[in-house]
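Below is one structure; the comments refer to it alone.
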Amino acid sequence: MSAQLSVRDLSITLQNGVRILRNVSLEVGAGRVHGLVGESGAGKSMIGKAILGTLPHAMNVTGGQICFGDVDLMAMAPKARRTWIGANAALIPQDPLTALNPSKRIGPQITRRLVDILGWAKTNAKARALDLLAEVQITDPARVMRSYPHELSGGMRQRILIASAFAAEPKLIIADEPTTALDVTVQKQILKLIAQMQAEHGTALLFVTHDLGVVSKVCDTMSVLYAGKVLENAQMRRFFTHPIHPYSRALLAATPTYSNPTGSLAQVPQKVIDGVEQDIRHHDIRNHI
Amino acid sequence: MRDARADIRRPLGARLWLSGGWLTLLVLGALLAPLLAPHDPLAQDLFAGRLPPFWQDGAQRGYPLGTDSLGRDVLSRMLYGARLALVVALVAGTLTCLIGATLGLIAGYYRGWADIIISRIVDIWMAFPPVLFAILLIAVLGTGLTSIIIAIVVIDWTRFARVVRAEAMTQSAMDYVASAQVSGRGHFSTMLTEILPNVLPTILALLTLEMGIAVIVEAILSFVNLSISTDSPTWGGMIAEGRTSVHQAWWVLVFPLIALFLTVLSFSQLGEGLKDRFDPVLR
Ligand SMILES: Nc1ncnc2c1ncn2[C@@H]1O[C@H](COP(=O)(O)OP(=O)(O)OP(=O)(O)O)[C@@H](O)[C@H]1O
Ligand SMILES: [Mg+2]
């Protein structure tokens, strides 16, 4: 499998020395969907930000490699890297509220990307934006183009962000818990939409979530992240039948399924957590792709 | 998928109408002072000293708001005083805003060294007691309109720098800024096109507030006789003179005081009203 994105031994450290990511390695195959699961605070979003080069000011990459196809992103100058990433990757963010500029209408926010990245003329960009909005099943694209973000519902905003992520036909999209801020029925629609768009456009997708149920539906491969460390990289089917790491097994046991609805009451046992913490201290890496 | 939120439109509030109304009146009065003023603001008439306002016994036609102890017309002096107050408000307010907001925006967006340097300077600056600082500055620069404006700018730019920096930092952390940055846009362009429009409502509110403060500072400096020359009428100067004869002629003190109060209040209310109106999320 040729990798669209490969992250090797990526470490991120806060300025005060706290380690946010420890030697993280993962791969996203071209046109494939890679799930990244982990509990809140594990560092999932920071992996995405490190790839896009938009880490918070207080964080620094202290080691590792991020390769995009054959291109080594770490070797690029910041400005060149931003341009390059803009043309090749996009983000569907966790919070659709803060991902659109509140003082600008929707239209320019989508077309601006096409103008900036692809150098399109405004009129072409506008026509493309209308098509994209229709593609994400927005019924009145022309009206939505004229709206401000606060005039639209969360689901609408997320649809717009999906449209805008696919706008410049990037090779990789990072979807950072794209449904967390939405209610359950809208979550389903948005998930379906992302899966559908991904399949149609053949984009590689790094899908961040803490919902194993979702992973099982949309992903080809996946990683389990705990406290900034990848515990297991696995093929999706293999993960669900033969999880290797004790934490993965505990995680699966704690996931409710139709056959075992009471699973929702199970917790990851403290013993497993302690084991993981110990492992992390011993820099244990398990890679199973 | 439709959404009714787009259809909400709010009317101009009473707050905007009242404050805007008073300020418009003031600007007109200041601009048309030579036409409106019944008398030369500096002309003394010792036979017409301490005339009361028009509704009281002993008032004279042509002196609607009375005269001071030297027989100068209070209304005329207030109209000419408004000119000075507004010039100080506009020029000092705008300059303060430009300098403070620019530094705040740079510190809040770029962070790093720029932020460290600007924030340290702001901290040190704010340790000086402002009124003392102003009096000291005027003492060094000499009295006059320019000195007052310089003093206000030098003292108050930190107010803008602090608030705008905090706001720019909050905005910079949002995902829309990141997505503009990864579109290959430069930092300077991102700062101007993404951050600035969202900080603008706050800047606007601060600007009008600053204009009110400038009017007060000018009045305080006139009050302690450090403003423009004692000849040209200022509200602060009138209040200072009125104070000495408040028992015999309260109107010399009270009318400029009311004008000052209304003007400062209007500036701050205008700011709040405009902020509500232009804030895309509250709108
Ligand atoms: N701006 C920041 N400054 C310092 N630390 C931060 C900052 N942002 C996040 N962190 C820390 O980095 C760690 C990883 O955060 P991250 O946002 O990647 O978690 P996450 O896995 O995405 O969690 P969630 O599921 O809640 O989104 C957390 O411990 C968090 O406290
Ligand atoms: Mg996150």
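The values are calculated or read from the model by the stated rules, or taken from the named source; none is laboratory data. Remember, it's a predicted structure, so these values are computed and weren't measured experimentally. Glycine also receives a Cβ, built like all others from the backbone with ideal geometry; neighbour counts cover every protein chain displayed. Surface accessibility is based on the protein's heavy atoms, side chains included, excluding ligands, DNA and RNA. Shrake-Rupley method; radii C 1.70, N 1.55, O 1.52, S 1.80 Å.
Some points to look at:
- Considering the stretch A:105-115, the residues that are under 19 Å from A:M197 (Cβ atoms) and not β-branched (V, I, T) include one that is nearest to the other protein chains (Cβ to nearest Cβ), namely A:R113.
- Matching option when the condition is in contact with a Leu (Cβ under 8 Å, 6 or more places away or on another chain) and within 14 Å of chain A (Cβ to nearest Cβ), among B:V153, B:V163, B:V199: B:V199
- Taking the listed residues A:V224, A:V214, the one that is within 16 Å of ligand 2 (Cβ to nearest atom), modelled with pLDDT of 90 or more and more than 14 Å from chain B (Cβ to nearest Cβ) is A:V224, with no other qualifying.
- The single condition from (1) within 26 Å of A:T179 (Cβ to Cβ); (2) away from ligand 1 (no atom under 16 Å from the Cβ) that A:V71 fails is (1).
- The set of residues from the stretch A:35-59 being of a type in the set (S, T, N, Q), within 10 Å of ligand 2 (Cβ to nearest atom) and within 14 Å of another protein chain (Cβ to nearest Cβ) comprises just one member, A:S45.
- When the stretch A:178-204 is limited to residues that are aliphatic (A, V, I, L, M) and within 16 Å of ligand 2 (Cβ to nearest atom), the one that is farthest from A:G155 (Cα to Cα) turns out to be A:A181.
- Selection of the stretch A:93-136 for residues being within 16 Å of ligand 1 (Cβ to nearest atom) and in contact with a Phe, Trp or Tyr (Cβ under 8 Å, 6 or more places away or on another chain) yields A:T98, A:A99.
- The stretch A:142-159, subset farther than 16 Å from A:S103 by Cα and more than 10 Å from chain B (Cβ to nearest Cβ), residue most open to solvent (accessible area, probe 1.4 Å): A:A142
- Looking across B:E194, B:E218, one residue alone is open to solvent by less than 50 Å² (accessible area, probe 1.4 Å) and under 25 Å from the mean Cα position of the chain (by Cα). It is B:E218.
- Check on A:P102, within 10 Å of chain B (Cβ to nearest Cβ), within 16 Å of ligand 2 (Cβ to nearest atom), out of contact with any Cys (no Cβ under 7 Å at 6 or more places or on another chain) and assigned to a loop (DSSP other than H, G, I, E, B): no
- Comparison of A:Q137, A:Q109, A:Q94 shows that the only residue that is at pLDDT 90 or above and in a loop (DSSP other than H, G, I, E, B) is A:Q137.
- Filter result (away from chain B (no Cβ under 14 Å) and exposed (fewer than 15 other Cβ atoms within 10 Å of the Cβ)) within the stretch A:116-132: A:A121, A:K122, A:T123, A:N124, A:A127, A:D131
- Residues satisfying the stated conditions in the stretch A:224-246, i.e. within 15 Å of ligand 1 (Cβ to nearest atom) and touching a helix residue (DSSP H, G or I) at 6+ places or on another chain (Cβ under 9 Å): A:V224, A:L225, A:Y226, A:A227, A:G228, A:K229, A:L231
- Residues located in the stretch B:149-191, provided they are among the aromatic types (F, W, Y) and open to solvent by less than 40 Å² (accessible area, probe 1.4 Å): B:W157, B:F160, B:Y176
- A:A168 being in contact (Cβ under 8 Å) with a residue 12 or more places away in the chain and either open to solvent by 30 Å² or more (accessible area, probe 1.4 Å) or at positive phi (or both): no
- Residue in the stretch A:167-186 that is in contact with a strand residue (DSSP E or B) (Cβ under 6 Å, 6 or more places away or on another chain), assigned to a helix (DSSP H, G or I) and facing chain B (nearest Cβ under 10 Å) present: no
- Checked against (1) part of a loop (DSSP other than H, G, I, E, B); (2) open to solvent by less than 40 Å² (accessible area, probe 1.4 Å); (3) out of contact with any Asp or Glu (no Cβ under 7 Å at 6 or more places or on another chain), B:N225 passes all but a single condition, namely (2).
- Any hit, the stretch A:199-208, residues being among the polar types (S, T, N, Q) and either assigned to a helix (DSSP H, G or I) or modelled with pLDDT under 95 (or both): no
- Conditions (1) among the basic types (K, R); (2) within 16 Å of ligand 2 (Cβ to nearest atom); (3) open to solvent by 40 Å² or more (accessible area, probe 1.4 Å); (4) under 20 Å from A:T221 (Cβ atoms): number failed by A:R32: (2)
- Residue that is farthest from the other protein chains (Cβ to nearest Cβ), among those in the stretch A:61-89 that are closer than 23 Å to A:L14 by Cα and of a type in the set (G, A, S): A:G63
- Taking residues in the stretch B:176-188 that are more than 7 Å from chain A (Cβ to nearest Cβ), and partners anywhere that are charged (D, E, K, R), the pairs with Cβ atoms closer than 7 Å and at least 6 places apart or on different chains are B:V177/B:E194; B:A180/B:E194.
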